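S.K.: Before anything else, here's the structure in question.
The values are calculated or read from the model by the stated rules, or taken from the named source; none is laboratory data. In this text, all values refer to a predicted model and were calculated from it rather than measured experimentally. Note: ideal-geometry Cβ built from the backbone for every residue, glycine included; neighbour counts use all protein chains shown. Surface areas here come from the heavy atoms of the whole protein model, side chains and all, with no ligands, DNA or RNA. Shrake-Rupley method; radii C 1.70, N 1.55, O 1.52, S 1.80 Å.
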Amino acid sequence: DPRGLYMCDTGNEMAKLQVYYRMCQNCIEVDAATISGIVIADVVATVLLAMAVYCVTGHDRGHLSRASDRQNLIANEQLYQ
């Protein structure tokens with residue numbers, strides 16, 4: 001337990017230092033490998049989600065409207081009005 005009053009004697013003067021130390025009872029220590037794994041998993045999940053959204057809504061599937069399926073043809077002799 002590092003808490004307490006520490007004194008330093010330099011010969012000419014005396015210095016005092018009060019140390020307060022609080023320990024975390026429910027803390028979890030996370031190392032660099034765990035943090036990098038979390039970041040990589042987050043990036044991969046974001047890319048997969050973006051690709052899913054693009055596949056569902058992003059591009060045209062080549063379907064045209066029903067109105068364009070019909071063409072009104074007129075003979076060459078007739079005038080278009």
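S.K.: Return the FRET efficiency for the residue pair residue 51, residue 30: r is the Cβ-Cβ distance, R0 is 41 Å, and the value is rounded to the nearest 0.05.
M.R.: Between residue 51 and residue 30 the formula returns 0.90.
S.K.: Suppose accessible area is computed on protein heavy atoms with a 1.4 Å probe; arrange 22, 3 from highest to lowest.
M.R.: 22, 3
S.K.: Hey, another quick one. Calculate what fraction, in whole %, of the accessible area of segment 3-59 sits on carbon and sulfur atoms when a 1.4 Å probe is rolled over the protein chains.
M.R.: 64 percent
S.K.: With +1 on each Lys and Arg Cβ and -1 on each Asp and Glu Cβ, and nothing else charged, work out how big the dipole of segment 3-59 is about its Cα centre, in Debye to the nearest 20.
M.R.: It comes to approximately 180 debye.
S.K.: Measuring from label point to label point, each 7 Å out along Cα→Cβ, what is the residue 20 to residue 43 span in nm?
M.R.: 4.1 nm
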